[in-house]
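Student: Below: one structure in structure tokens.
The values are calculated or read from the model by the stated rules, or taken from the named source; none is laboratory data. Because the structure is a prediction, the values reported are computed rather than measured. Glycine also receives a Cβ, built like all others from the backbone with ideal geometry; neighbour counts cover every protein chain displayed. Heavy atoms of the whole protein, side chains included, go into the accessibility calculation; ligands, DNA and RNA do not. Shrake-Rupley method; radii C 1.70, N 1.55, O 1.52, S 1.80 Å.
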Amino acid sequence: FTHPLMLGSGMHTTGIPHPAIVPHSGKQEMEHYDRNMKPQPEPKREKEAKKPTIKKPLNAFMLYMKEMRAKVIAECTLKESAAINQILGRRWHALSREEQAKYYELARKERQLHMQLYPGWSARDNY
């Protein structure tokens with residue numbers, strides 16, 4: 001099949017090969033190129049020994065959640081953590097100040113223990 005605007009071997013007069021008529025040899029030249037090809041990552045350098053991450057002490061609400069999560073899961077048979085967290089949040093707000101005070105006291109003790117174990121620690125150290 002020849003067309004008046006086509007040169008030999010599937011080339012258009014512009015010199016650009018027509019995609020439907022590209023000879024097999026033209027495809028081989030393009031095999032090394034892929035539009036979706038990602039650059040190869042640089043070889044990994046030997047990493048320095050990572051310092052262990054020191055977490056922040058839990059606040060009162062987190063301590064409450066930690067204690068009550070299993071109970072809520074057993075009662076509600078829910079698996080989604082977002083739904084469980086909503087229930088725990090509502091229950092937390094429904095507690096009286098005296099009931100919440102128990103968890104605020106636990107959180108205060110956690111902070112004191114954390115300060116003794118890691119003097120000079122800052123949450124910025126993890127970032």
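Student: Please name all residue pairs, on different chains or six or more residues apart, with Cβ atoms under 6 Å, provided the first residue is in the stretch 52-64 and is closer than 21 Å to ALA94 by Cβ and the second residue is open to solvent by 60 Å² or more (accessible area, probe 1.4 Å).
Tutor: Hits for this filter: LEU58/GLU110; ALA60/TYR104; LEU63/LEU106.
Student: Of the residues that sit in the stretch 66-110 and are hydroxyl-bearing (Ser, Thr, Tyr) and at pLDDT 95 or above, which one is surrounded by the most Cβ atoms within 10 Å (Cβ to Cβ)?
Tutor: Let us first name the residues in the stretch 66-110 that are hydroxyl-bearing (Ser, Thr, Tyr), namely 77, 81, 96, 103-104.
So of that shortlist, the ones also at pLDDT 95 or above come out as 96, 103-104.
Values: SER96: 7, TYR103: 21, TYR104: 15.
By that ranking, first place goes to TYR103.
Student: Sticking with this structure for a sec: May I ask you to list the residues in the stretch 107-127 that are among the small types (Gly, Ala, Ser), part of a helix (DSSP H, G or I) and within 28 Å of the chain's Cα centre (by Cα)?
Tutor: So in the stretch 107-127, the residues among the small types (Gly, Ala, Ser) come out as 107, 120, 122-123.
Still in the list and also part of a helix (DSSP H, G or I): 107, 123.
Selection gives ALA123 alone.
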